[in-house]
Amino acid sequence: MNEQVSVTADRLPTALSWVGSAAEYAAMAAGQQQSSEVLHWQALAERIEHAHPEGHTVLHHWQPAQANGLAPLVLFHGGSGSWTHWVRSIGPLLAAGHSIWAVDLPGFGASDAPAGVIDADGMLDVLAQVLEAQFPLQTVRLVGFSFGGMTAGMLAAAHPHLVQQLVVVGAPGIGLTSKHPFRLKGWRHLDDPLEQLVHHVYNLGALMLHDPAAIDRDTVALHVANVQRDNLPRRRISSTDVLVRALAQVECPVAAIYGACDALYPGTLDEVEALMAANARQWQGMQRIAGAGHWVQYENPPAFHAVLLPLLAANR
């Protein structure tokens, strides 16, 4: 049984798009359900763990049937996320022959947070060690979404010998956060699972997805399973210009992809592009996906991959 998503005047959803039982709501709110797409690709992945003193950093690897001969493609996810932020990219990237390595960043997903790490700047050395161990004497192509794009830029600046190409997707760290119009709703304090899910749906509409119709049951399950495992809630540097400053130190080619309706930068993507272009040494431009929000690779996979795949193929 389905019902239409209820949307306020400013397009933000205020109800679930499906009806379930109390037990189903409770399981989903606890992060115990997952989308069918995630379950499919998870079953096909090789899981690799790299140890650090407080636990492990986890990578998920998919090998194409016919490799394209390009360097490994490493994916960083967004804040409060995991590799599943890229779930709709695995198939298209494999079909193009890419060897994919999707990282659960330290403190997110299945990866443990090293001691003292509370934000992106604290995890750079751990990530560098992972890449050096997994890809000895080899550079990688690094694609980062949102918080992961900011982290990827900082990593490429601090460890330029590891990265041969950088693509940032919907990345913060530009220094224009005073213009953000959205506010997310808290949910951890709520006792009612259904009320928690309604707040998750609202937050997906406020930040992640432009089209409320995209916020279906599987999407909410994926999102909740991620935010329940966020062990770095005190992150702050994404509201600074840390990525812009890092780009000035990045030696490899840099490109950017944003949803044209990204809630992080409404009406200011021209400013974002200008700041990146002024600071990146080898700027390859910004591509904007019409009608898509912040989580652009999930909301409009065909348009996103039509832009990303030529970028990756151009830098051989």
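The values are calculated or read from the model by the stated rules, or taken from the named source; none is laboratory data. For clarity, every value in this text was computed on a predicted model and none was experimentally measured. Quick reminder, even Gly has a Cβ in these numbers, built from the backbone with ideal geometry, and neighbours come from all protein chains shown.
Key figures for this structure:
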| item | result |
| --- | --- |
| Condition broken by H77, with the remaining ones in (1) over 20 Å from the mean Cα position of the chain (by Cα); (2) surrounded by 20 or more Cβ atoms within 10 Å (Cβ to Cβ) satisfied | (1) |
| Members of the range 268-316 found to be within 24 Å of H223 (Cβ to Cβ) and in a loop (DSSP other than H, G, I, E, B), listed by number | A290, G291, A292, G293, H294, W295, N300 |
| Failed item, numbered, when R229 is tested on (1) buried (at least 23 other Cβ atoms within 10 Å of the Cβ); (2) farther than 23 Å from A292 by Cβ; (3) touching a Gly at 6+ places or on another chain (Cβ under 9 Å) | (1) |
| Any hit, the range 217-226, residues being assigned to a loop (DSSP other than H, G, I, E, B) and either without any contact (Cβ under 8 Å) to a residue 40 or more places away in the chain or more than 15 Å from the chain's Cα centre (by Cα) (or both) | no |
| Residue in the range 171-180 that is modelled with pLDDT of 95 or more and either touching a Ser or Thr at 6+ places or on another chain (Cβ under 6 Å) or within 22 Å of R47 (Cβ to Cβ) (or both) present | yes |
| Near pairs, Cβ below 7 angstrom, 6+ apart or cross-chain, from the range 277-294 (farther than 14 Å from G170 by Cβ and surrounded by fewer than 17 Cβ atoms within 10 Å (Cβ to Cβ)) to any residue that is modelled with pLDDT of 95 or more and acidic (D, E) | R281/E251 |
| Answer from H199, H189, H161 - the residue that is out of contact with any Phe, Trp or Tyr (no Cβ under 7 Å at 6 or more places or on another chain) and more than 30 Å from M276 (Cα to Cα) | H189 |
| Count of residues meeting criterion [over 15 Å from G148 (Cβ atoms), among the β-branched types (V, I, T) and crowded, with 20+ Cβ neighbours inside 10 Å] in the range 255-271 | 0 |
| Residue match in the range 108-126 (condition: touching a strand residue (DSSP E or B) at 6+ places or on another chain (Cβ under 8 Å), surrounded by 24 or more Cβ atoms within 10 Å (Cβ to Cβ) and within 16 Å of L243 (Cβ to Cβ)) | no |
| Residues located in the range 236-251, provided they are touching a helix residue (DSSP H, G or I) at 6+ places or on another chain (Cβ under 7 Å) and either outside any loop (DSSP other than H, G, I, E, B) or surrounded by fewer than 19 Cβ atoms within 10 Å (Cβ to Cβ) (or both) | I237, S238, S239, V242, L243, V244, A246, L247, A248, Q249, E251 |
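Conditions tested, residue by residue: (1) under 14 Å from W101 (Cβ atoms); (2) of a type in the set (F, W, Y); (3) over 18 Å from the mean Cα position of the chain (by Cα).
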{"site": "T139", "(1), (2), (3)": "yes, no, yes"}
{"site": "G148", "(1), (2), (3)": "yes, no, no"}
{"site": "A157", "(1), (2), (3)": "no, no, yes"}
{"site": "H161", "(1), (2), (3)": "no, no, yes"}
{"site": "V167", "(1), (2), (3)": "no, no, no"}
{"site": "G170", "(1), (2), (3)": "no, no, no"}
{"site": "I174", "(1), (2), (3)": "no, no, no"}
{"site": "F182", "(1), (2), (3)": "no, yes, yes"}
{"site": "L190", "(1), (2), (3)": "no, no, yes"}
